[in-house]
Amino acid sequence: MSTKRWSALLLTLLFTLQTAPLVKATELKVRDDYPEVYVVKKGDTLWDISELFLATPWLWPQLWQANPQVDNPHLIYPGDHLYLNFINGKPVLTKKKRIKLSPSIRATSNAQAIPTLPLTELKAYLKREQIVSRDELNGLPMVLGTNEGNKRGYAQQLWYAKGNYDGERNYGIYRVVGPLQRPKTHEHLGIRLMLVAVAKAKVADKEGMIALDIESSIQEINQGDRILPLYPAEQFSAVFQPSFPEQAITGQIIATHSDGRYFIAHEIVVIDRGAADGVKPGHLMKVIQTGKPIVDDDNQPVYLEDTSRYDQIEGAIINVGKTQLPDEVRGHLMVFRTFENVSYAMIMTAERQLSLFDTVTSAQ
């Protein structure tokens, strides 16, 4: 299994039990070929297991609801036998083939339970990107160079920076990727930074110069790069509640972690809605491809985007028949990190190829 696929499956373990909001959104669909019994193996994830039983594996939390055998689905261990049972017509996974409600002693295995949040897998990503405001960017220390006159460099070099110092600790050296804007309105949402190296910082002189002892590097370090404390991944919430936002939220995908325009499931994306809009980690949203406008000129349908620039700008086609194809739900994403105006999410499902500027909505 590729690293990207493995990380993607592991990231789904961020999400735990949620009651009404998710249940109302989509009904569980059980696979016709689900196994009679499944023995949990080391390395399994809740997503992996649910994929064996459900046609909609991203809704795995519902499998554990009202389940007297597994009140905490994360306390599942290699060697456990899981069975699909039905309670009031609803599927649940249990550790017993027949559900018994009589009192019993619950034993805890000494083996390592299936992890709920693979922080070791996520720490690298959580450190890798940051979103800051213009004012915050202007306040970050700037990399100046080396005494050897290097303009670019990698690990095992001593670089210097100048700016506000936050104490001796590990810092990330970040490169400005560019501003994030809301499509159409061009509203400024923040500036995206990408990690290029990790350094141990300490004061170099009385003038406040900062010495950067480069410990590791992903890309070459450039003059003008900025430094800031690494994101405290150890404080990253280990439990997300999968749910649909209570209020109406509509936005767009404005960037991808891979910088690709087109992508499929398991891609990390940035949406133009954040904490200020009511977005929270764990929010599940639909990804919608807006229907393309068709121009019916002389009974010859043409995509609006394929008409001349003059027609599109000057409105010369205003008197020509124009039809809007219907919007299509193409997938789902789950938010796992929020900033003030933007959020990071993972594409959980993609029926077809998705693209930048596809719409995301909280509508169920």
Residues to consider are Gly331, Gly291, Gly251; find the one that is modelled with pLDDT of 80 or more and not in a strand (DSSP E or B). Gly291
Residue pairs within 6 Å by beta carbon, gap of at least six or interchain, first lying in segment 267-293 and touching a residue at least 40 places away in the same chain (Cβ under 8 Å), second of a type in the set (D, E, K, R) and open to solvent by less than 20 Å² (accessible area, probe 1.4 Å), listed first then second, are Val287/Asp358; Gln289/Asp358
Just give me the residues in segment 256-278 being surrounded by 20 or more Cβ atoms within 10 Å (Cβ to Cβ) and aliphatic (A, V, I, L, M), in sequence order. Ile268, Val269, Val270, Ile271
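Within segment 168-180, is there a residue that is of a type in the set (Asp, Glu) and without any contact (Cβ under 8 Å) to a residue 12 or more places away in the chain?
Within segment 168-180, not a single residue is of a type in the set (Asp, Glu) and without any contact (Cβ under 8 Å) to a residue 12 or more places away in the chain.
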Any chance Ala197 is touching a residue at least 24 places away in the same chain (Cβ under 8 Å), more than 26 Å from Val342 (Cα to Cα) and among the hydrophobic types (A, V, I, L, M, F, W, C): no
Please find, within segment 126-160, the residue that is farthest from Gly172 (Cα to Cα) out of those that are under 30 Å from the mean Cα position of the chain (by Cα) and among the acidic types (Asp, Glu). Asp135
Hey, among the residues in segment 196-212 that are closer than 24 Å to Arg152 by Cβ and among the β-branched types (Val, Ile, Thr), which one's nearest to the chain's Cα centre (by Cα)? Val196
Considering segment 145-194 alone, what residues qualify as being more than 16 Å from Arg226 (Cα to Cα) and part of a strand (DSSP E or B)? Leu180, Gln181, His188, Leu189
With the checklist (1) touching a Pro at 6+ places or on another chain (Cβ under 8 Å); (2) modelled with pLDDT under 90 in hand, flag the one item Gln156 doesn't pass. (1)
Looking at Arg175, Arg192 in this structure, which one is in contact with a strand residue (DSSP E or B) (Cβ under 8 Å, 6 or more places away or on another chain) and either open to solvent by 40 Å² or more (accessible area, probe 1.4 Å) or at pLDDT below 90 (or both)? Arg175
Cβ-Cβ below 8 Å, separation at least six or inter-chain, first residue in segment 297-308 and more than 11 Å from Lys322 (Cα to Cα), second at pLDDT 75 or above and of a type in the set (D, E, K, R): which pairs? Glu305/Lys292
Check on Gly321, small (Gly, Ala, Ser) and modelled with pLDDT under 90: yes
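The values are calculated or read from the model by the stated rules, or taken from the named source; none is laboratory data. All values derive from a computational prediction rather than experimental measurement. Counting neighbours? That spans all protein chains shown, and the Cβs are built from the backbone with ideal geometry, glycine included. What goes into the accessible areas is simple: the full protein's heavy atoms, side chains included, and nothing from ligands, DNA or RNA. Shrake-Rupley method; radii C 1.70, N 1.55, O 1.52, S 1.80 Å.
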